[in-house]
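Data block below; observations after.
Since every read-out is calculated from the coordinates, none of them should be taken as a lab result. Keep in mind it's a predicted model, so treat the numbers as computed, not measured. No Cβ is skipped: glycine too gets one built from the backbone with ideal geometry, and neighbour counts run over all protein chains shown.
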Amino acid sequence: MLVVPYLVIALISYLLGSVPFGYVFVRVFRKEDIRAKGSGNIGATNVIRSGAKGLGALTFLLDALKGAFAVLAARCFFPSVPAQNAAALAAFFAILGHIFPVWLRFKGGKGVATALGVFLALAWIPALAGLGVFIIVFAAFRYVSLASIFAAAAFPVFAFLLPHQPPYNTWMIAVILIVPVIVIAKHHQNIYRLLHGTEYRFGKSREAAA
């Protein structure tokens, strides 16, 4: 196995994932630091809570696209690496880049949108099923964090239960299992607030959120 292509995939995917769209958009268009708003997170949900709904939607879209692009680019531009290995490696490091961006002293987002992007590129049917879980849970309870946790937990179940070709290799299985665990772990503060009834419910006023 040639090591260099694997290292290049990891580096490029990390750098793609590390682009902090939420931080950049709020800084450029609102002259504010999103890290000083709401939860302090740079992701789409906090951007929306800050009052910038359009920027929040754009942040979500681009955070998802950078994850998907990392996976697709790894498959296309590194033919010497087995396709599933390349895709799994790119997915993992794109998520790491988003959560631990070098540009923001390794303090980034929770990886939900980027995880959706990489999952759509890895296995789009289970990813859409997971998105369906998100929509149902969010519609029922109005907690983005709870919906994200349920969707992340559901993805591996759908990935292994729904028909797929070719069969997942060890690299893919590892990523399918590890990435949801990372995303859920990044929600540990949200889980604490959910258990104590202090989590932000979407639709509250910005004053209540603060």
inquiry  = What's the magnitude of the charge dipole for the chain around its Cα centre, counting Lys and Arg as +1 and Asp and Glu as -1 at the beta-carbon? Answer in Debye, nearest 20.
reply    = 660 debye
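Over all alpha-carbon pairs in the stretch 104-205, figure out the percentage whose distance exceeds 18 Å.
49 percent
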ask   = Helix by helix, which DSSP H runs in the chain go 27 Å or more along their axis at the Cα atoms and have an average Kyte-Doolittle hydropathy of 0.0 or more?
value = 53-77
inquiry  = At 10 °C and a viscosity of 1.306 mPa s, what translational diffusion coefficient does Stokes-Einstein give for the chain, taking Rh as the Kirkwood radius over Cα pairs? Give it in µm²/s as a whole number.
reply    = 92 µm²/s
ask   = How long are the three semi-axes of the equivalent ellipsoid of the stretch 55-161, in whole Å, if each is the root of 5 times an eigenvalue of the C-alpha gyration tensor, listed from largest down?
value = 23, 18, 11
query = Over what distance in Å are the Cα centres of the stretch 140-177 and the stretch 83-128 separated?
reply = 13 Å
message = Tell me whether the stretch 1-72 comes out rounded, prolate or oblate; compute the Cα gyration tensor, take square roots of the eigenvalues as a ≥ b ≥ c, and use a/c under 1.5 as the rounded threshold.
response = prolate
